Amino acid sequence: MERTHMSAFALYQTMSVDVSPPAKKSSPSVAVKKKKKKENGVTIKKVSAVKAQVQTEKRKKQKKLLKSVKREESLKHSTEEVEEECVNGEDESLEALLTSLTRVNNSRERASQLFQWLINPIPAKAFFRETWEKKPILVQRQNPNYYKGLFSTAEFDRILREEDVQYGVNLDITSYIDGKRETHNPPGRALPFTVWDFYESGCSIRMLNPQAFSSTVWNVLSILQEQFGSMAGANVYLTPPGTQGFAPHYDDIEAFVVQLEGKKHWRVYNPRTDDEVLPVVSSPNFDEADIGDPIMEVVLEAGDLLYFPRGFIHQGDCLPDAHSLHITISSFQKNSWGDLLQRVVPVALEVAMEEDVEFRQGLPLDYLTYMGVQNSDKDDPRRVKFFSRIGNLMKKLSNYAPVDAAVDQKAKDFLHDCLPPALTPEELASSVQGAPIKWECGQVMDAGAQINSQTRVRLLRAGCARLCSDGEAVHLHYTTGNSRVYHKEEPKSFEIKSEHTDAIEFLIHSYPNFVTVESFPCEAKEEKVELAELLFERGIIHTEEPL
């Protein structure tokens, strides 16, 4: 990756606004259409009603937003210069970056480089040390083409015309007017005629799983999921000028807001209480009176990035002179210590009760007379003794905690959540998808190539497969059979013979190196080839050279 001068960017860790001159493109008309429109038997009744509301709301917001823009100097704080090991130099396009990443041998390193590109010029180490799960941060680049190629309104339109996009499943129509958040989804397929009419009326459009339709988004997310060790998802938001599609709220994910086109005015607020720091679930919609003053108020322009942790309340609305297209990349949903302990503690308690008589001893005969809420204000030494006993048992419980087994359970869920690998041309040619067997002249043609003991193989990705035991059998769980649609497929796994587990572990720990089938720690040569063929057919391994 080429190096970039730091001065090309403005990095703000507090409030910052940097507004460009008004865009030349004028706002689309929001005049009420009297004629009802029909498409595939669906009467679009909501559009005209929304238009009337939006027209009034836009006039009020235009004055408010323009006033906010004029406060730029009072909002702008000093820039913090970053002097660590970040990537400086000329910007590299996404297309060029993804091409260069195909030459990176290790998929974990691939993920690290792509994430560094996402957050440049912030060094990744500094980001995870100082910002991750702690505070919002803004990157302003003055480079509208930085994220070009990731997604666009043209791609949005193509998907609507060519793909089976369903309201409520793949796409939502939303509005936020006079403090009221509404969804306007008709039933059935979302076709361009209806979707763009909603947009013209002032409604926002949210695509829920763009990776199912966009190969580039799929590729980016499938790489980034190895950086996070957690599902990487995305939503795309298209918002008309002078409107807002969503109420203030907080999410249960780490959010990277990537501005692709136009610009958007954002306000970010601290969690309201300590209980809402890094929350387990997303919030309901808030009223303005519930959330106080923003700690950050910015205008994102194309090429800019805004990150905020789960629990930080946020809302975004469009300036009157430009539309907005952004993609929010998310991760770390239900990936906390508490989520892991929810799996550890019940099993640990079950094991402790089986193996330790102290956990099976009876409670004091009279404990109901001094314990419980009705007795919580009593100054009773028996309560002190009771709590001491509970504390000792809790400490002892850790001796029975099946931590590795619980981690494997989390890993199985993660592998089910994962997108399948987006293969590079080299991986495609050397995997089962590029194997030299084809249909020709009315029959199956086999080029005769096959795996043998001298074939060199490795895992397709560092994290694409994992050995897990349920206490009775060992299964290999893998991602290569997953769908680009979240959980469309059942979890993929198959049982591994006990005599083959060492060979699977050998393959996993050998990555990113290729190893010969002969080197598998199996007893018989035939078993080695048989195991390699099985893994190859499932798409879990690929060969160093095409077969």
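Points to keep in mind about this one:
- Count of the range 432-459 residues, restricted to those that are closer than 29 Å to I329 by Cβ and modelled with pLDDT under 95, is 1.
- Residue among I295, I291 that is out of contact with any His (no Cβ under 9 Å at 6 or more places or on another chain) and buried (at least 18 other Cβ atoms within 10 Å of the Cβ): I291
- Any hit, the range 144-161, residues being under 30 Å from E288 (Cα atoms), among the acidic types (D, E) and over 22 Å from the mean Cα position of the chain (by Cα): no
- Of all residues in the range 193-206, one or more are within 20 Å of the chain's Cα centre (by Cα), modelled with pLDDT of 95 or more and crowded, with 21+ Cβ neighbours inside 10 Å.
- Residue within the range 396-406 that is in contact with a Leu (Cβ under 7 Å, 6 or more places away or on another chain), surrounded by 11 or more Cβ atoms within 10 Å (Cβ to Cβ) and under 30 Å from G233 (Cα atoms) present: yes
- Complete set of residues in the range 210-255 that are within 20 Å of F332 (Cβ to Cβ), crowded, with 23+ Cβ neighbours inside 10 Å and either among the aromatic types (F, W, Y) or without any contact (Cβ under 8 Å) to a residue 24 or more places away in the chain (or both): Y250
Matching residues to (1) in contact with a helix residue (DSSP H, G or I) (Cβ under 9 Å, 6 or more places away or on another chain); (2) under 30 Å from N270 (Cα atoms):
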| site | (1), (2) |
| --- | --- |
| T328 | no, yes |
| K334 | yes, yes |
| D339 | yes, yes |
| V345 | yes, no |
| M353 | yes, no |
| F359 | yes, no |
| Y367 | yes, no |
| M371 | yes, no |
| P381 | no, no |
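- In the range 146-173, the residues that are under 23 Å from A247 (Cβ atoms) and among the aliphatic types (A, V, I, L, M) reach residues that are at pLDDT 95 or above and surrounded by 14 or more Cβ atoms within 10 Å (Cβ to Cβ) with C-beta atoms within less than 6 angstrom, at least six apart or across chains, in these pairs: L171/V165; L171/A190; L171/M207; I173/H184; I173/N185; I173/F198; I173/C203.
- The set of residues from the range 520-547 being of a type in the set (G, A, S) and touching a residue at least 60 places away in the same chain (Cβ under 8 Å) comprises A532, G539.
- Remark: pairs (first residue in the range 189-209, under 23 Å from T328 (Cβ atoms); second residue modelled with pLDDT under 95 and of a type in the set (F, W, Y); Cβ separation under 7 Å; 6+ apart in sequence or on different chains) = N209/Y486.
- Condition check for V432: within 30 Å of H487 (Cβ to Cβ) and either touching a Phe, Trp or Tyr at 6+ places or on another chain (Cβ under 8 Å) or among the hydroxyl-bearing types (S, T, Y) (or both): yes
- Strands (runs of 3 or more DSSP E) wholly inside the range 119-193 containing at least 1 residues that are under 20 Å from V299 (Cβ atoms): 137-140, 171-177
- Among the criteria (1) under 42 Å from the mean Cα position of the chain (by Cα); (2) outside any helix (DSSP H, G or I); (3) not small (G, A, S), the one K410 does not fulfil is (2).
- Filtered residue count, the range 361-383, keeping only those that are charged (D, E, K, R) and in contact with an Asp or Glu (Cβ under 9 Å, 6 or more places away or on another chain): 1
- The set of residues from the range 100-118 being part of a helix (DSSP H, G or I), among the polar types (S, T, N, Q) and either farther than 24 Å from I541 by Cβ or touching a Phe, Trp or Tyr at 6+ places or on another chain (Cβ under 9 Å) (or both) comprises S100, S107, Q116.
Yes/no matrix, rows are residues, columns are (1) within 21 Å of the chain's Cα centre (by Cα); (2) under 25 Å from S336 (Cβ atoms); (3) not polar (S, T, N, Q); (4) not in a strand (DSSP E or B):
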| site | (1), (2), (3), (4) |
| --- | --- |
| E226 | yes, yes, yes, yes |
| S230 | yes, yes, no, yes |
| G242 | no, no, yes, yes |
| W266 | yes, no, yes, no |
| V280 | yes, yes, yes, yes |
| G292 | no, no, yes, yes |
| V298 | no, no, yes, no |
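- Residue check, L171 surrounded by 14 or more Cβ atoms within 10 Å (Cβ to Cβ), under 21 Å from the mean Cα position of the chain (by Cα) and at pLDDT 95 or above: yes
- Scanning the range 163-186 for residues that are under 15 Å from Q211 (Cα atoms) and among the acidic types (D, E) gives E163, D164.
- Whichever residue in the range 268-288 is touching a His at 6+ places or on another chain (Cβ under 9 Å) and surrounded by 11 or more Cβ atoms within 10 Å (Cβ to Cβ) and, among such residues, is farthest from G179 (Cα to Cα): S282
- Candidate set from the range 355-370 (those that are among the aliphatic types (A, V, I, L, M) and assigned to a helix (DSSP H, G or I)); member that is farthest from Y400 (Cα to Cα): L368
- Some residue of the range 284-294 being closer than 14 Å to D317 by Cβ and out of contact with any Asp or Glu (no Cβ under 9 Å at 6 or more places or on another chain): yes
- Subset of the range 492-525 that is at pLDDT below 95 and part of a helix (DSSP H, G or I) - its residue that is nearest to Y478 (Cα to Cα): S498
The values are calculated or read from the model by the stated rules, or taken from the named source; none is laboratory data. Just so it is clear, the model here is predicted, and its values are computed rather than measured. A quick note on method: Cβ atoms are made from the backbone with ideal geometry, for glycine too, and the neighbour counts reach across all protein chains shown.
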